[in-house]
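Only the coordinates and a few stated rules stand behind these numbers; no lab work does. Please read these numbers as outputs of a predicted model, since none were measured by experiment. Every residue, glycine among them, receives a Cβ derived from its backbone with ideal geometry; neighbour counts consider all protein chains shown.
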Amino acid sequence: MILEDKLVQTRLQKEPEFLLRLHEILTNWKVGEKPGLVVQARPVQAASLEVLDVKVRNALREGIDSDGNGNLWDHFEAIRMFHSLHGITATANTESPIWLTEAHRDGHMIAGVWDFPDLPAQDGQNAKAMAYWYESFFGESFKLMSNVAAAGGLTGEFQATATLANANMLRYGARSPANRPMLAGEPCLMPYAQWSLQKASIEKPEWHMLARSMAQGIAGAFRAPIR
């Protein structure tokens, strides 16, 4: 269980709400037995977010502007919204959602996805893979969070982190010369890949720079070769 993982505990010990809310997401949405990528952010200073305000709900539900190309998390464009323990949840219109976003009353925000493609391995079997395009999950998560924060009047420094749960069930899918994902690197040996807590002002360019920096950790978790 993630609450017993020493690496995750150590990385998040100064801000235990990240670990507790991660555990709630993985448990409530039955992600515990499969891989899942979860990005979280919360204000450094105590804050309040009116999650039922129309502007905040719309910002969470509408997702982000896209170039028209779809992805597994639909650019966070939600159809269903729910009350959650700490605020509100948005996801796609399906009985078994594969992604979600959340906005909490204390300004904590979450984006998670737990669906990954099957790629052919050398032994002829398919392997679940963290494909290279999941790097954009960080940028889109951070953009959505900044939109929700702006709608709710939140500014200033936020702390952010990410967790790849059950990382040892995945391989890495690198970009091939034909722009198709191919298995590369080594299997991740850690059950959980846990990013360190980092800070940035959510309304400034440094926020999106942080997203790009964190995205680079995906390939690193699988020791993917530099090309």
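Tell me, Val31, Val54, Val148 in order of fewest to most beta-carbon neighbours within 10 Å?
Working: Val31 22, Val54 9, Val148 26.
Least to most surrounded, the residues fall as Val54, Val31, Val148.
Put one equal scatterer on each alpha carbon of segment 34-105, apply the Debye formula with no solvent term, and list log10 I(q)/I(0) at q = 0.11 1/Å to two decimals.
-0.29
In the chain, once you exclude exposed GluC sites (Glu not before Pro) (DSSP loop, at most 10 other Cβ within 10 angstrom), what's the longest stretch remaining? It would help to have the intermediate numbers written out before the result.
Numbers: sites that count: Glu33, Glu95.
That gives 96-227 as the longest site-free run.
Name the helices (complete DSSP H segments) of the chain with a Cα length along the long axis of 20 Å or more and a Kyte-Doolittle mean of at least 0.0, or state none.
135-151
Binned at 10 Å from 0, what are the whole-percent values of the Cα-Cα distance distribution for the chain, short to long?
The calculated distribution, bin by bin, is 8, 34, 38, 17, 3, 0.
Straight-line reach from Lys199: which aspartates and glutamates fall under 18 Å, measuring Cα to Cα and dropping same-chain residues less than 8 apart?
Glu15, Glu17, Asp106, Glu140, Glu157
For segment 123-158, list residues with backbone N below 14 Å from a point placed 7 Å from the Cα of Met81 toward its Cβ?
Output list for this probe position: 148-149, 151-152.
Can you give the log10 of the normalised intensity I(q)/I(0) at q = 0.15, 0.19, 0.24, 0.25 Å⁻¹, computed with Debye over equal Cα scatterers of segment 140-224?
Evaluating at q = 0.15, 0.19, 0.24, 0.25 Å⁻¹ gives log10 I(q)/I(0) of -0.66, -0.88, -1.08, -1.12.
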